[in-house]
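As C-alpha cells, the structure follows; a few thoughts come after it.
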Amino acid sequence: MSEGNEKFVQDNNQQVGSSSEDPAPKEGAGSEKRQQKLSKAERIALRNQANSENSLVSKIDYLSVHDDTTQNFGEYHLIQSQAVAASASRVFSSVSSLNKDRVGERVWIRARVDTIRPKGRSAFLVLRQSQYTLQAVVSESDRVSRQMVKWISKEVGEECILDIYGNVVEATVKSCSQHDVELQVWKLYIVSKVKGRLPIRVEDAGRPEWQEGVHVLRDTRLDNRVLDLRVPSQQAIFRIQSGVCQLFREILLREGFIEIHSPKIIAGASEGGAEVFKLNYFGQNACLAQSPQLYKQMAICADLDRVFEIGPVFRAENSYTHRHLCEFTGLDIEMAIRDHYFEVVDVLERLFIGIFEGIRQRFANEIELVQQKFQISPITYLPPGQNPRLHFPEAVQLLRENGYVIEDLEDLSSENEKALGKIIKEKYGTDFYTLASYPASVRPFYTMPKADDSRYSNSFDMFIRGEEIVSGAQRIHDWDLLESRVKAKNIPLSSIEDYMNAFLYGAPPHGGAGIGLERVVMLYLGVGNIRECSMFPRDPKRLRP
C-alpha cells in the first residue's frame, strides 16, 4: 500500500487538486496567450472558480481507499454492503488498544470527532470511540497537503464519524484517555456527516457540575438522550449496568437457579393496589405486570425449586422523585426454603457481594469515569455473613435514640431510611445492610406473617447508602391463609384465580425478592438520580424519546 499522496479526482475524472509532492495542474499549451486576451474581471472570475473547484473533493468509493489513484481525504459514498471481502481489506484498531507499546505502528481507526481545533497549517482532533479518547494531529507535510488541512478544518465537525489512517507516536495528552500517545494523520475520510446543528454538545453534556464552563440541564440531556449517551461517563454507567445483569446471571446459575420469562400482560394486579397501567386486551380488561411475583411463585409450585428473571416492570405511581420510575428493569428471584426465610437473605447477600466485587474488578476504568463526573466515594461493605441484619423494632429504637419520632408499626419514610443508613454506617462501617420483620400492614398480601407476633411479617429489605434496593419475604404457601389475606386486602379472588389455584395442589415453603436494576446501579455508583441509570427513562412527566 502506497503511503504517498494521491491525486484528487472528481467523478467525471476532472482533476481538482494535487498532493504536496505533485506539481500544480497545468492549463495546457496556449493558455498564457488566451489569458492575455481576457479582461481583468474575467481573469479574476476564472481564478475564483478554480479556487472554488480546488476546495471541493468528490465522494469516494469505500472499497478503493487503498488504490494509489485515490485521494488522501474526502467523504465516502453511502456504504451499502457492496462487497463482503472489503471488510477484511483493512484491519481497524480500537482507540482503547493504542498505547506506548504500539508506537511506530500505522493503524486505521474509525471514531467520532469529539472536538476539532484548527491551528494554522495544522488541525488537532480529539477522537472518541465509546468511552475512550485519542488526540489526532493533521499537519501539513510531505504526506499531507495544505488543501487536505484546509478541507478538514472546513468540512469535519464535531460528532462526524471518520476513518483515519496514521502513525502512532509517543506524546503526553492529559485530556484524553489514551494519554501517552497520539495519532499523526496521513489519510482521513468522512464516513457519516452531521446534518444540521447539534442541539447539545457532548463535551458540555459530560461536564461535571463543579467544573467551570457550559452545563446542560438533565431534562435537556434526556430530551437529546442519544447525544447524552455518547458522554464517556454515561457510556460507563451502562456498561456497568450490563455487568450487573451478567454477574446476576452468573452467580445465580452457580447457586442452582434457572432463568424464566413471565408474561407482562396480565389479567390482574401483581402486587394489589391501584398502581397499574390498564389496557384493553381484545375486549378484556388487562394490565401491565407490576412484577413477575405471581408467576415466579407459580414456578416454585411447579417444583422448579430456584428461579430468577430479568425483565421490565411497570408501576403507575405518580411519584416524581430521584429514585422512582414508571418502567424499570426488575431482577427477581424466588426459591424453595427448608426452615427460615433468612436462607433467601443468605443467597442475596452472597449475590450482592459477588456483584460488588465483580464490578470493582471488571469495570475499574468505568467506575473511575463515573466518579470523576459525580465525585462520589465508593460504597463500603463487609464480607458475606458480616453485614448487619436488624429487625424492624431494633431500627425503630435506633432512630428514637437519635432523636427521630416514629411509631412502632409505622413504615419508614425516605428521611428515616437515610437517617438509619447514616447511623448504621457509623456504627458498623458498612453502606450495605438488611432490615427484617417489617410490619405486616405495610407488606403485600402474599407475605407470611411472623409466627410469634402477627403484627409483623417474615419480610426484609436490603439497603445501600440508606436507600432500599431489595424488597423480599417468605411467601404464604398455605391456601387457607392465603385466601384470608387476599380477602383482608379487598382483592377480588377472581382477578388472581389461576395464582390461587396453584396453591390448592400443595406448595413448598418458599421466599424471594425483587430488585430494581437502575436503583442498584444508581446507589452503587452514587450518581444521585435514577434517570442517569435508565437508558430512556419513563416517569409521570416523560414518555419520550
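The values are calculated or read from the model by the stated rules, or taken from the named source; none is laboratory data. Because the structure is a prediction, the values reported are computed rather than measured. Cβ sites come from the backbone with ideal geometry, for glycine too, and all protein chains shown count toward neighbours. Just the protein is used for accessible areas: all its heavy atoms, side chains included, with ligands, DNA and RNA removed. Shrake-Rupley method; radii C 1.70, N 1.55, O 1.52, S 1.80 Å.
The table below gives the values:
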quantity	calculated
Members of the range 303-340 found to be of a type in the set (Val, Ile, Thr) and within 22 Å of Ala473 (Cα to Cα), listed by number	Val307, Ile310, Val313, Thr329, Ile333, Ile337
Among the residues listed as Val181, Val214, the single one being open to solvent by 30 Å² or more (accessible area, probe 1.4 Å) and under 20 Å from Pro232 (Cα atoms)	Val214
Among the residues listed as Leu398, Leu420, Leu412, the single one being open to solvent by 10 Å² or more (accessible area, probe 1.4 Å), part of a helix (DSSP H, G or I) and within 25 Å of His322 (Cβ to Cβ)	Leu398
Index of the failed condition, Met500 passing every other in (1) in a loop (DSSP other than H, G, I, E, B); (2) free of Cβ contacts under 8 Å to residues at least 60 places away in the same chain; (3) aliphatic (A, V, I, L, M)	(1)
Counted residues, the range 307-334 - those being at pLDDT 95 or above, among the charged types (D, E, K, R) and in contact with a helix residue (DSSP H, G or I) (Cβ under 8 Å, 6 or more places away or on another chain)	3
Subset tally (residues that are farther than 16 Å from Ile190 by Cβ and assigned to a strand (DSSP E or B)) for the range 99-110	2
Selection status of Asp452, open to solvent by 50 Å² or more (accessible area, probe 1.4 Å) and either in a helix (DSSP H, G or I) or under 30 Å from Ile359 (Cα atoms) (or both)	no
Flag for Asp461 being open to solvent by 30 Å² or more (accessible area, probe 1.4 Å), acidic (Asp, Glu) and either without any contact (Cβ under 8 Å) to a residue 12 or more places away in the chain or not in a loop (DSSP other than H, G, I, E, B) (or both)	no
Residues within the range 195-211 that are open to solvent by less than 50 Å² (accessible area, probe 1.4 Å) and part of a loop (DSSP other than H, G, I, E, B), tallied	5
Checking Pro508 against (1) touching an Asp or Glu at 6+ places or on another chain (Cβ under 8 Å); (2) assigned to a helix (DSSP H, G or I), the condition it does not meet	(2)
Contacts under 8 angstrom Cβ, first residue in the range 364-386 being exposed (fewer than 11 other Cβ atoms within 10 Å of the Cβ), partner assigned to a loop (DSSP other than H, G, I, E, B), 6 or more apart	Ser377/Gly526
Filter result (closer than 21 Å to Val103 by Cα and open to solvent by less than 10 Å² (accessible area, probe 1.4 Å)) within the range 137-161	Val138, Val144
Residue check, Leu348 modelled with pLDDT under 95, at negative phi and not in a loop (DSSP other than H, G, I, E, B)	no
Entirely in the range 111-184, the strands (runs of 3 or more DSSP E) that have 1 or more residues that are touching a strand residue (DSSP E or B) at 6+ places or on another chain (Cβ under 9 Å) and of a type in the set (Asp, Glu)	161-170
Within the range 112-136, considering residues that are over 30 Å from the mean Cα position of the chain (by Cα) and within 21 Å of Glu170 (Cβ to Cβ), the one most open to solvent (accessible area, probe 1.4 Å)	Lys119
Strands (runs of 3 or more DSSP E) contained in the range 231-335 and holding at least 1 residues of a type outside the set (Val, Ile, Thr) and within 30 Å of Thr133 (Cα to Cα)	none
